[in-house]
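See structure below.
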Amino acid sequence: MTEDFDADVAIVGLGPVGATAANLAHDLGLRAVAFDRAVDVESRPRAIGFDQEAMRVFAGFGLADAIADHVMPYRPSEYHNGDGQVIKRIGTAPPPHPLGWAPNYVFHQPRLEGALRQRLARAEHVELHLGTEVTGLELGEGGATVEAVDASGRRRTLRTRYVLACDGGSSPVRRQLGLGMDDLEFDQPWLVVDLLLRPGAGDGLPRTNVQYCEPARPSTFVVGPGNHRRWEFMINPDERPEDVSDPEFIRALLARWLAPEDYDLWRAATYRFHALVLNRWRVGRLFFLGDAAHMTPPFLAQGMCQGIRDASNLMWKLALHLRAGAGERLLDTYQQEREPHVRQVTLVAKEFGHVICERDEATAAKRDADLLAELAERPEGTVRQSLIPGLQAGFLAPEGFPARGDILPQPKVTDGGGRAGLLDEFTAGAFRLVVRQDTDLAEAESALRAHRAAGGFPVTLVRLVPPAGGVVAGGPDEYREAEGVLDAWMRHRSCEAVLARPDHYVFGGVHSARETGQLLASARRHLRG
């Protein structure tokens, strides 16, 4: 590597997505420089929900304990019509949870961002420039030049191999390049109110999350961690954002649930809930992530999750390209994989938004009748995580290989030394070849030897062993499941072995271990481009 670069990646914006990308860069051995216009983390909440995939990423940083007091499993959601009837339910899957974590969480965003930044402050190869604005960006064939100025007026110019724009929905980088976004036709004004309940208050509030599908004023109630509660109110056509943000107006809205002496107002902000997807996620050495690349209505609590997936998807590919010689085409799979996934999740969120935001009385009555009929057939409702798709194209095995594009479950295991934990604690950050407990290991080991002889990428072998009692008596590659989650998942997909990527998505599986060599050869071809 030549010495004329200050960093492998420059990250513009250090919110949750940028901070996740920077932490991943550190863990993958990349040199990173990160810029943010603010010196400190925003002290007020913005996002309030993330899911099991995001938690898996944060736990991979070792932050599960650091944020434990500031997260809580997401409550089920009920949709109420104007008469107070429950017309729709969104529930959560019961344990054992396939990824090792609760399917969804509510959280305190400032605490999460603080934990991410504190980890970066200790990272040897990550350079932080807070209170610094990126003022210029020049892209070239061999790298990029970033110009920035801090609050004192000091200017910096840095050379980097790649740039990640994580600078939010108003993305100055995106606007500088004049890139267009595909409008998925959802644009609604809302008021978001966060408050803290005072001691002894709130006993009469719902114990679960509620979508009030009332034509007069659709609204949302979310149970946050601790004494944090959130309301979201749709703004009526005759109301101005500055009027609905007035504390007296807010107190009048909340009077239906709480008296003013029951709470302290924490934050009130108006938003336009959009459904937008960037047309071009990569421009040469520049990639867009998070809200800079897409904006999702909040009705599935997937907005921040989408950006965490972006970072998790892209960073290992950059590392393989820069450190292991993977072909340039691997980087093009970023948009190829993420854009369809984002679109599908955004369209589902938009559909839920239309259910909630219906203002016409007659149309709302028809909606109520249809949803009540659906609920009569399925009283348990819909499991939230079933609405999140896998990958359909990109760095995946050819069609015909099972489990391609799925997420690898993460069971509780005991290793050969008797240590217990989640599988990622032993194997995360690498390609993993998982072999089912009743599969002939010799076939997989032979395929791995041939893979190494062919100059293949490093692969960690994971052999599941039967969940009988006692400590695993075997080699370092053997793991005993506590609940059989991964073995059952593989059997359901008729897989004797699967190859999982560093971001936990499955490249592909094989029905027979004899096909493992073909699977690994396909992955080598993809990486070499």
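A short reminder: the numbers here are calculations on the coordinates, not readings from a lab. This is a predicted model, so every value here is computed, not measured. Every residue, glycine as well, gets a Cβ built from its backbone with ideal geometry; the counts of neighbours run over all protein chains shown.
In the stretch 412-528, if the dipole is taken from +1 on Lys/Arg beta carbons and -1 on Asp/Glu beta carbons about the Cα centre, which of G418, H526, V506 is farthest to the positive end?
About the Cα centre, the residue reaching furthest to the positive side is H526.
Please name which of F5, P16, A32 has its Cα lying farthest along the dipole of the stretch 1-48 towards the positive end, using unit charges on Cβ (Lys, Arg +1; Asp, Glu -1) and the Cα centre as origin.
P16
By how many nm would the segment from W266 to R282 lengthen if fully extended, with 0.36 nm per residue of separation less the alpha-carbon distance?
2.0 nm
Just add up the charged neighbours of E481: K/R +1, D/E -1, any other residue whose Cβ is under 9 Å from the Cβ of E481.
For residues surrounding E481, the net value is 0.
For the stretch 5-117, what class follows from the C-alpha gyration tensor (a ≥ b ≥ c being the square roots of its eigenvalues): rounded when a/c is under 1.5, otherwise prolate if a/b is larger than b/c, else oblate?
In terms of gyration-tensor shape, prolate.
Quote to one decimal, in nm, the extra length available between E377 and N227 on full extension: 0.36 nm per residue of separation minus the C-alpha distance between them.
Stretched out fully, the E377 to N227 stretch lengthens by 50.4 nm.
Would you mind telling me the antiparallel percentage of the DSSP bridges in the stretch 412-528, rounded to 5?
Of those bridges, close to 65 percent are antiparallel.
What GluC sites (Glu not before Pro) in the stretch 376-415 are in a loop by DSSP, with at most 12 other Cβ atoms within 10 Å of the Cβ?
E380, E399
What residue among V462, S170, H80 has its Cα farthest toward the positive end of the dipole of the chain, where the charges are +1 on Lys, Arg and -1 on Asp, Glu, each on the Cβ?
Working it through, the farthest residue towards the positive pole turns out to be V462.
To the nearest Å, what is the center-to-center distance of the stretch 115-155 and the stretch 256-321, using C-alpha atoms only?
Result: 21 Å between the Cα centres.
Just the number, please: percent antiparallel of the DSSP beta bridges in the chain, rounded to the nearest 5.
Approximately 70 percent, going by the DSSP bridge assignments.
Sort 180-187, 507-514 by packing, meaning the average of other beta carbons within 10 Å per residue, with the highest value first.
507-514, 180-187
Place the peptides 323-332, 497-506 in order of packing, highest mean first, counting for every residue the other Cβ atoms within 10 Å and averaging per peptide.
Descending packing order for the listed peptides: 497-506, 323-332.
In deg cm²/dmol, rounded to 500, what helix-only [θ] at 222 nm does the chain give when every DSSP H run of at least 4 residues adds -39500 (n - 2.57) and the total is split over its residues?
-9500 deg cm²/dmol
Roughly how big is the stretch 412-522's charge dipole about its Cα centre, with Cβ charges of +1 (Lys, Arg) and -1 (Asp, Glu), in debye to the nearest 20?
Rounded to the nearest 20 debye, it is 160 debye.
Looking at the square roots a ≥ b ≥ c of the eigenvalues of the Cα gyration tensor of the stretch 61-106, which shape do they give, rounded for a/c under 1.5, prolate if a/b is larger than b/c, or oblate?
The shape class here is oblate.
Would you mind classifying the stretch 474-514 by shape? Square roots of the alpha carbon gyration tensor eigenvalues, ordered a ≥ b ≥ c; an a/c under 1.5 is rounded, otherwise it is prolate if a/b is larger than b/c and oblate if not.
Rounded.
Need the full-extension length gain, R329 to A521, defined as separation in residues times 0.36 nm minus the C-alpha distance. One decimal, nm.
Length gained between R329 and A521: 67.4 nm.
Let me know the charge dipole size of the chain about its Cα centre in debye, to the nearest 20, where only the beta-carbon of Lys, Arg (+1) and Asp, Glu (-1) is charged.
In debye, rounded to 20, the chain gives about 1160.
Could you order peptides 354-361, 74-81 by the average number of other Cβ atoms within 10 Å of their residues, highest first?
Order by mean packing, descending: 74-81, 354-361.
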